[in-house]
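**Student:** Here it is, the structure in full.
The values are calculated or read from the model by the stated rules, or taken from the named source; none is laboratory data. Fair warning: this is a prediction, and the values are worked out from it, not measured in the lab. Counting neighbours? That spans all protein chains shown, and the Cβs are built from the backbone with ideal geometry, glycine included.
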Amino acid sequence: MTANGWIQIGFYLAVLVALTPLLGRYMARVYTGERVVLTPLLAPAERFFYRAIGTRAESGQDWRSYARSVLVFSALSWLLLYLILRTQGIQPLNPQGFGSAPWDVAFNATSSFVSNTNWQFYGGETTMSYFSQMVGLAVQNFLSAAVGMAVLIAVIRGIVSRGSHDLGNFWVDLTRSLLYVLLPISILGALFLVSQGVVQTLDGYLDVSTLAGGRQGIALGPAASQIAIKQLGTNGGGFFNVNSSMPFENPTALSNFVEVVFILLIPAALTATFGKMVGSARQGWAIFVTMLVLLLVGIGVSYAGEQAGSPAQDAAGITASADGAGSTGGNLEGKEQRFGIASSTEWAAITTAASNGSVNSSLDSYTGVGGVVPLINMLTGEVIFGGVGSGLYGMLLFVLLAVFIAGLMVGRTPEYLGKKIEAKEIKLVMIGTLVVPLLVLVLTAVAISTKWGAVSIFNAGPQGFSETLYAYGSQGNNNGSAFAGYTGFVQPNAPGNAGSFGITFADLLGGFAMLIGRFVPLLAALAVAGSLAGKRIAPAGPGTLRTDNGTFVLLLIFVIVVVAALTFFPALLLGPIGQGLTERLF
Amino acid sequence: MNEAAAPTTALGRSMVFAAAGASLRKLDPRVQVRNPVMFVVEVGAVVTTVAWLVQLFGGAPLGGGDEPAWFSFTVAFWLWLTVVFGNVAEALAEGRGKAQADSLRSARTEAVAHLLDGTELPASELKPGDVVVVEAGEGIPGDGTVIEGIASVDESAITGESAPVIRESGGDRSAVTGGTRVLSDRIVVEITQEPGASFLDRMIALVEGAARRKTPNEIALNILLAGLTLIFLAVVVTLRPFAEFADTDASIVTLVALLVALIPTTIGALLSAIGIAGMDRLVRRNVLALSGRAVEASGDIDVLLLDKTGTITLGNRQAAAFLPLRGVPEQELADAAQLASLTDETPEGRSIVVLAKEQHGIRERELAAPHATFVPFTAETRMSGVDIGGRRLRKGAGDAVRAWVEAEGGRAPAELDARLEEVSREGGTPLAVARDSQMLGVVHLKDVVKEGMRERFDQLRSMGIRTVMVTGDNRLTAAKIAAEAGVDDFLAEATPEAKLGLIRDQQAEGRLVAMTGDGTNDAPALAQADVGVAMNTGTQAAREAGNMVDLDSNPTKLIEIVEVGKQLLITRGALTTFSIANDVAKYFAILPAIFAATYALGAGGDMGDSFTSGPLDKLNLMNLGTPESAIISAIIFNALVIPMLVPLALRGVRYRPIGAAAMLRRNLLIYGLGGLVAPFLGIKLIDLVVHGVFGA
């Protein structure tokens, strides 16, 4: 590990901490309908939207009504995207003449983008037309992110509500997320990326003669506009197959920095939005610090693990130590030399902590110890910053769990921000926090023990196990990154994707995991908010458990780690930990 | 009951034997299914027993693996023991109540009730509204209100207090309880209970735990435990295909052992015992909680309403001086005050009569009814007096008497206010005395604050509980006493409506309110309060309205009730944390045992006696002897920790009023960190015996 590496990571964190309250307070103003700097510009468009869909900004919804709106909107989004992907062959903006994706792959990809997962069994430049990318996928990048943010805001309203059942209006929250937050930042981001050399064109792929004498197609496309939002909306689905390790997606050190800032920008800022809306910035910072500590541990372990290499590499004499001649040593397999170990592991930890899933290195090539971090980050339920909106509402479920256990230990019926946590909330919290781990375990077991699942697994031994666990951990938790060996779509290298086919079992199982993983915790969080909304707020006193100090942060970390560790320790043992401890090659 | 309560030093020998018997009866799956955690353990015990039997008759270990039959037997044996230990804990908690219930039951007389119309009826067939006559020496056949007569009653059967108490019609001492005994005189009682639902019946059901329903927090915790059990079930079930992918055998017995070690058996086994023991601790303090919900709520109390008189101050205020208005001879004031107080049986009234005699030599007089009409004190008028020989005498609260004088056509001189204020400023209670339309003067009643009250209130404050003193006194008097006693706030000139209003206001702000009361006019407030403790000496209405009854009728008991409520929650939280933290060590014991040979260099070997083959063996941090001894040690620890924690569950984790933050840190350190470390040591120790001594 180098000083340079740590300085990069330290600088990144400083920027993140500085931006969090700025953007957080801005978003709080946006969602409470206060005037912000963009209001004069966007208010007419906002009003136009409301008229067009026939809603009124003031009319609130209770949690059931809010949830219905979310589900209806997501279902329509799903149908739209599925139709686009299935009719790609007859659509414009398809210079390479790609055919439509098979039904099973389309099912997986559609569920993936609507659930803000962006798991990709396909390779962007070998499967998707520009039309599908722009009108289909990029649009869902915006919409699914906005849905997550809207739901979070509704959950916060439930927590602060004084007996009213009104959680706000979904259509208003959705519109404001898009207009005031996602679009403006994405536009700025896209312009910046273009300035750094990210491609943005509707021309077809270049056909060039290489120095070696052969001919090669070089993929192009309207990438910059999609990359900004895939980072910002914790979507993560790359325009190109190798995501942000491709120079056209992530050309410079500066673009790398901005892209990785974009990953955590909104999830981090939303903690400040939360603090502002509940009337105590400290409450927001407590959650921010909890997330930050968990993230830092992840970055540290991953960085150290990659720098040390694996026992097997060691036994084979591959691991070089830093030699002072420019090589950092460590495990460089699957890493862009432009980024090196520090920047790669930092990105890997951040992209999996947030449910982003974009990568600038190949996670499949990580060592056991380095690779366990991305896995654990996802398996903790995507609450270490997590997805935009979804990360914080998931974290709030863990907060309630921690409050319940700790509250008992101070001798009071547990309460959070004055609201009593009773049987109904605990039931919903258990559903919201345990359904996904349960799902991940069961689907991994099914995939690994049946002949239909076996065809997707590339490697044997712990690596093959990790690939499978990672695939369902990533899809179930709506992350989208992958240990690349796991396949759901076979594409021969033929023009227009001729002869390609999906592996139905993996496509369906994964699509199912993503939809459950998205909507069950979402509905549980909304239901908790609905239940809390009707409760009185008990004033805090000296006997009240404080949720904004160091003790509580430690407790929250303990609860998150213990729940994940107890659930996945055996699986991790057989996957990355086992691999990290053995010299045997698989 | 006191005999039963006092010397039961936790676990007497006979009680343990009785509990052992009960614990075997509780193995019935229909009983166990109510507790999902322990039900899973019992199912696991059955499965491992079957696995052992199969092996005993020459079959292979179920689900692969090559463990010997004695291993399966040992696991099965300890799983059964785990269930039994859980049952013993519950039976012990119930057993302590049973002894009390038996002594209560002997008091439940199968007496014959003499109805007022002369017919006789078995006591068990009495209905509300029946009117019965009880003579000296007879048992009272049912709960009711005295509507005629006065009698001394022996209530030792329920209160444990041997001195007889007075029960009379009217006023706040009119309630009688079925099963108690009239010692002298004769009373007429109107029955208020439904058949079979008497106070005594409820009390028996309560101490036996029969009527115990799960409290809201207990239900929430049960959901949490069921959720954890479910996820661990998934962990263990999916571990089998995972292990197969890694070419490792994991037998059914091993997996069941892992499951039982992971699910929160410690808290699962002790949860109901904690609840029963909590109720029992209240009963020992002579408090009957009529609902478990109230016990839990008492831990959450934010505001405590305390009656000044009898709680904060010594019950009897003493008349200290007569302060006549200008132009009124002191003798005349003393005479009027004494006359107005002659029928006033309160200590205050008596003290006025005594003071008049001592200072002015005015003798008590017998007032014959024809000449005198007595006006009794009511909470509404807040004055009392007598009409005699054409004169109308009144004494009472300053503003009440002033209003009366003005209604009589007189007017109160400004000097009265000065006098009233003077007394109040000194912390006394002024009583105004008037004759017809003339204001005569003021009697100074002195209040004495009980010793040690300030410390008590400081303690409550550090628990996060605000104390509000409720008094009929005027603001000045109330303020003076409130300051002297150290309460946070006070409600002066309190009427029953004002009291009810105060409770509602506090509740609207989200606070939980507790209060004590005894009179019928307290009933609405008792019912409104989240925790209403009725004094056993109080009226039937008060006892029905409250959700707890204090048999000692001691208003400061509330502080102890709050402590019991908090202890209950803390004990649950502490044992839950302990139980979950334990899992880490159990993983480190069992998983290396299962996967010792997995991913070994060369061929994937199987689980043999050599415990040192694969990479995951490095996680055998405790350096346990063999895979078998590791698993058995974890299971034994898991079982033994239950009886070891039974005393803690029954006694409750100690509550200290040190503030929430300090308490959380303390309990996290003891039960969180302790729960993490203890099993590492415990399992290692057990393994030393199991492996070292028995050679497993």
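Yes/no per residue for (1) of a type in the set (Gly, Ala, Ser); (2) more than 17 Å from A:THR547 (Cβ to Cβ):
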{"residue": "A:GLY370", "(1), (2)": "yes, yes"}
{"residue": "A:ASN377", "(1), (2)": "no, yes"}
{"residue": "A:GLU382", "(1), (2)": "no, yes"}
{"residue": "A:GLY394", "(1), (2)": "yes, no"}
{"residue": "A:ILE405", "(1), (2)": "no, no"}
{"residue": "A:VAL429", "(1), (2)": "no, no"}
{"residue": "A:VAL446", "(1), (2)": "no, yes"}
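**Student:** Quick check on A:LEU574: is it within 7 Å of chain B (Cβ to nearest Cβ), without any contact (Cβ under 8 Å) to a residue 12 or more places away in the chain, of a type in the set (A, V, I, L, M) and assigned to a helix (DSSP H, G or I)?
**Tutor:** The answer is no for A:LEU574.
**Student:** Still on this structure, I have one more. Taking segment B:472-522, which residues are touching a residue at least 24 places away in the same chain (Cβ under 8 Å), within 14 Å of chain A (Cβ to nearest Cβ) and either touching a strand residue (DSSP E or B) at 6+ places or on another chain (Cβ under 8 Å) or of a type in the set (S, T, N, Q) (or both)?
**Tutor:** Once the filter is applied, which keeps residues that are touching a residue at least 24 places away in the same chain (Cβ under 8 Å), within 14 Å of chain A (Cβ to nearest Cβ) and either touching a strand residue (DSSP E or B) at 6+ places or on another chain (Cβ under 8 Å) or of a type in the set (S, T, N, Q) (or both), segment B:472-522 yields B:ASP488, B:GLN506, B:ARG511, B:LEU512, B:VAL513, B:ALA514.
**Student:** Looking for something buried (at least 21 other Cβ atoms within 10 Å of the Cβ) and more than 30 Å from A:GLY411 (Cα to Cα) - is there at least one such residue anywhere in segment B:258-271?
**Tutor:** Yes: segment B:258-271 contains one or more residues that are buried (at least 21 other Cβ atoms within 10 Å of the Cβ) and more than 30 Å from A:GLY411 (Cα to Cα).
**Student:** Considering every residue within segment A:459-474, establish whether at least one is among the small types (Gly, Ala, Ser), within 23 Å of B:ASP300 (Cβ to Cβ), touching a Pro at 6+ places or on another chain (Cβ under 7 Å) and part of a helix (DSSP H, G or I).
**Tutor:** no
**Student:** Name the pairs whose Cβ atoms lie under 6 Å apart, with the first residue in segment A:543-570 and facing chain B (nearest Cβ under 8 Å), the second aromatic (Phe, Trp, Tyr), and 6 or more positions between them or separate chains?
**Tutor:** If the second residue must be aromatic (Phe, Trp, Tyr), the pairs left are A:PHE569/B:TYR587.
**Student:** Same structure, new question: Can you tell me which residue among A:SER244, A:SER255, A:SER186 is part of a helix (DSSP H, G or I) and modelled with pLDDT under 95?
**Tutor:** On inspection, the qualifying residue turns out to be A:SER244.
**Student:** Turning to a different aspect of this structure: Restricting attention to segment B:486-509, which residues are surrounded by fewer than 19 Cβ atoms within 10 Å (Cβ to Cβ) and either of a type in the set (Phe, Trp, Tyr) or not in a helix (DSSP H, G or I) (or both)?
**Tutor:** B:GLY486, B:ASP488, B:ASP489, B:GLU493, B:THR495, B:GLU509
**Student:** Tell me, which helices (runs of 4 or more DSSP H) wholly within segment B:263-372 include 2 or more residues that are farther than 17 Å from B:GLU563 by Cα and out of contact with any Pro (no Cβ under 8 Å at 6 or more places or on another chain)?
**Tutor:** Correct list: B:265-284, B:330-341, B:347-360.
**Student:** Additional query: Please enumerate the residues belonging to segment A:16-34 that are over 23 Å from A:GLY158 (Cα atoms) and surrounded by fewer than 16 Cβ atoms within 10 Å (Cβ to Cβ).
**Tutor:** Passing the criteria: A:VAL17, A:ALA18, A:LEU22.
**Student:** Could we say that A:ASN459 is away from chain B (no Cβ under 11 Å) and within 17 Å of A:VAL563 (Cα to Cα) here?
**Tutor:** no
**Student:** Do we have any residue at all in segment B:559-577 that's outside any helix (DSSP H, G or I) and either touching a Pro at 6+ places or on another chain (Cβ under 6 Å) or among the acidic types (Asp, Glu) (or both)?
**Tutor:** Taking every residue of segment B:559-577 in turn, none turns out to be outside any helix (DSSP H, G or I) and either touching a Pro at 6+ places or on another chain (Cβ under 6 Å) or among the acidic types (Asp, Glu) (or both).
**Student:** Could you identify the single residue in B:LEU664, B:LEU669 that is buried (at least 19 other Cβ atoms within 10 Å of the Cβ), within 14 Å of chain A (Cβ to nearest Cβ) and either more than 37 Å from the chain's Cα centre (by Cα) or of a type in the set (A, V, I, L, M) (or both)?
**Tutor:** Matching residue, one of B:LEU664, B:LEU669: B:LEU664.
**Student:** Related question: Within segment A:549-562, is even one residue of a type in the set (S, T, N, Q), part of a helix (DSSP H, G or I) and over 30 Å from A:ARG282 (Cα atoms)?
**Tutor:** no
**Student:** Continuing with the same structure: May I ask you to verify whether B:LYS308 is away from chain A (no Cβ under 14 Å) and modelled with pLDDT of 85 or more?
**Tutor:** The answer is no for B:LYS308.
**Student:** Between A:SER531, A:SER500, A:SER481, which is more than 12 Å from chain B (Cβ to nearest Cβ) and within 30 Å of A:GLN307 (Cβ to Cβ)?
**Tutor:** A:SER481
**Student:** Mind checking which residues of segment A:406-427 are crowded, with 23+ Cβ neighbours inside 10 Å and assigned to a helix (DSSP H, G or I)?
**Tutor:** Correct list: A:ALA406, A:GLY407, A:LEU408, A:MET409, A:GLU425, A:ILE426.
**Student:** Related question: Kindly list the number of the only condition in (1) more than 9 Å from chain B (Cβ to nearest Cβ); (2) farther than 30 Å from A:TYR205 by Cβ that fails for A:THR487.
**Tutor:** (2)
**Student:** Just to verify a result, which residue in segment A:432-445, among those that are of a type in the set (Val, Ile, Thr) and facing chain B (nearest Cβ under 8 Å), is surrounded by the fewest Cβ atoms within 10 Å (Cβ to Cβ)?
**Tutor:** Among those that are of a type in the set (Val, Ile, Thr) and facing chain B (nearest Cβ under 8 Å), it is A:VAL442.
**Student:** Checking the condition part of a helix (DSSP H, G or I), under 30 Å from A:MET246 (Cβ atoms) and modelled with pLDDT of 95 or more, which residue from A:LEU71, A:LEU152, A:LEU83, A:LEU79 passes?
**Tutor:** It is A:LEU83.
**Student:** Okay, next question. Every residue in segment B:572-595 that is under 22 Å from A:ALA406 (Cα atoms), buried (at least 24 other Cβ atoms within 10 Å of the Cβ) and within 8 Å of chain A (Cβ to nearest Cβ), please.
**Tutor:** Of everything in segment B:572-595, those that are under 22 Å from A:ALA406 (Cα atoms), buried (at least 24 other Cβ atoms within 10 Å of the Cβ) and within 8 Å of chain A (Cβ to nearest Cβ) turn out to be B:ARG572, B:GLY573, B:ALA574, B:THR576, B:THR577, B:ILE580.
**Student:** Can I ask one more? Looking for something within 14 Å of chain A (Cβ to nearest Cβ) and more than 20 Å from B:GLU155 (Cβ to Cβ) - is there at least one such residue anywhere in segment B:534-548?
**Tutor:** Checking segment B:534-548: not a single residue is within 14 Å of chain A (Cβ to nearest Cβ) and more than 20 Å from B:GLU155 (Cβ to Cβ).
**Student:** Then there is this: Can you tell me which residues in segment A:408-431 are in contact (Cβ under 8 Å) with a residue 12 or more places away in the chain, within 7 Å of chain B (Cβ to nearest Cβ) and over 30 Å from the mean Cα position of the chain (by Cα)?
**Tutor:** A:VAL410, A:GLY411, A:ARG412, A:GLY418
**Student:** List the number of the failed condition for A:ALA494; all other conditions in (1) in contact with an Asp or Glu (Cβ under 6 Å, 6 or more places away or on another chain); (2) away from chain B (no Cβ under 14 Å) hold.
**Tutor:** (1)
**Student:** While we're here: Return only the number of the condition from (1) assigned to a helix (DSSP H, G or I); (2) of a type outside the set (A, V, I, L, M, F, W, C); (3) in contact with a helix residue (DSSP H, G or I) (Cβ under 7 Å, 6 or more places away or on another chain) that A:GLN313 does not satisfy.
**Tutor:** Condition not satisfied by A:GLN313: (3).
**Student:** Taking A:TYR26 as meeting all but one of (1) part of a helix (DSSP H, G or I); (2) of a type in the set (Phe, Trp, Tyr); (3) modelled with pLDDT under 95, write down the number of the exception.
**Tutor:** Going through (1) part of a helix (DSSP H, G or I); (2) of a type in the set (Phe, Trp, Tyr); (3) modelled with pLDDT under 95 one by one, A:TYR26 breaks only (3).
**Student:** Let me ask something else about it. For segment B:447-467, enumerate the residues that are surrounded by fewer than 20 Cβ atoms within 10 Å (Cβ to Cβ), touching a helix residue (DSSP H, G or I) at 6+ places or on another chain (Cβ under 7 Å) and not in a helix (DSSP H, G or I).
**Tutor:** The answer is B:VAL449, and nothing else.
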